[in-house]
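Working notes, structure below.
The values are calculated or read from the model by the stated rules, or taken from the named source; none is laboratory data. Predicted model, so just to flag it, every value in this text is computed and none were measured. All Cβ positions, glycine included, derive from the backbone under ideal geometry; neighbour counts span all protein chains shown. Heavy atoms of the whole protein, side chains included, go into the accessibility calculation; ligands, DNA and RNA do not. Shrake-Rupley method; radii C 1.70, N 1.55, O 1.52, S 1.80 Å.
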Amino acid sequence: QVQLVESGGGLVQPGGSLKLSCAVSRSIFSGAVMGWYRQAPGKQRDLVATITVGGSRNYADSVKGRFTISRDNALNTVYLQMNSLKPEDTAVYYCNSFPNVSWGQGTQVTVSS
């Protein structure tokens with residue numbers, strides 16, 4: 001049973017933008033705080049941004065002012081708009097709920113010239 005499906009990653013030059021999407025099973029999405037995480041090679045998985053059902057947002061300091069998390073409660077989808085991308089943003093990006101459920105496959109974001 002697939003619960004989280006991330007998409008939208010790719011290769012982008014420094015300074016560029018990408019928008020990630022995560023389709024979530026309704027049973028998980030409804031009423032849940034949702035978050036985006038990322039994991040760079042050889043590093044732990046870190047929380048990047050969160051959003052409540054009502055739209056309250058929080059961000060890691062490293063992405064504040066550059067990333068925007070949003071959600072469409074009708075489509076059971078959470079998004080991550082990433083602007084002014086830097087090479088250090090390179091990672092596999094995952095979404096998940098709070099509390100966490102089984103992880104999806106993630107989507108690779110590579111920022112390189």
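Per DSSP H run of at least 4 residues, take -39500 (n - 2.57); add these up for the chain, divide by its residues and hand me the 222 nm value, nearest 500 deg cm²/dmol. Show your work: numbers first, answer last.
On the way: 1 runs with 4 residues, N = 113.
It comes out at -500 deg cm²/dmol, rounded to the nearest 500.
Just to be sure I follow: if Rg is taken over the C-alpha atoms of the chain and Rh is the Kirkwood radius over the same atoms, what is Rg/Rh?
Details: Rg = 13.1 Å, Rh = 13.9 Å.
Using only Cα positions, Rg/Rh for the chain is 0.94.
Could you check the spin-label model distance between SER84 and SER27? Points 7 Å from the Cα along Cα→Cβ, value in nm.
In this crude spin-label approximation the distance works out to 4.2 nm.
Within the chain, which is the longest segment containing none of the trypsin sites (Lys or Arg not before Pro) that sit in a DSSP loop and have at most 11 other Cβ atoms within 10 Å? Walk me through the numbers before you get to the answer.
Working: sites that count: LYS43, LYS64.
Result, exposed sites excluded: 65-113.
Restricting to the chain, compute how many DSSP beta bridges are antiparallel as a %, nearest 5. Provide the component values of the computation, followed by the final result.
Values: 35 of 38 bridges.
Percent antiparallel among DSSP bridges in the chain is about 90.
Measure off, as a whole percent, the carbon and sulfur share of the 1.4 Å-probe accessible area of the range 7-113, all protein chains present. Don't skip to the end; give the middle numbers.
Values: 2600 of 5360 Å².
The C+S portion of the solvent-accessible surface of the range 7-113 is 49 percent.
Using Cα positions and a limit of under 16 Å, work out the aspartates and glutamates in reach of LYS19, with same-chain residues fewer than 8 apart set aside.
Qualifying aspartates and glutamates at Cα under 16 Å: GLU6, ASP72, ASP89.
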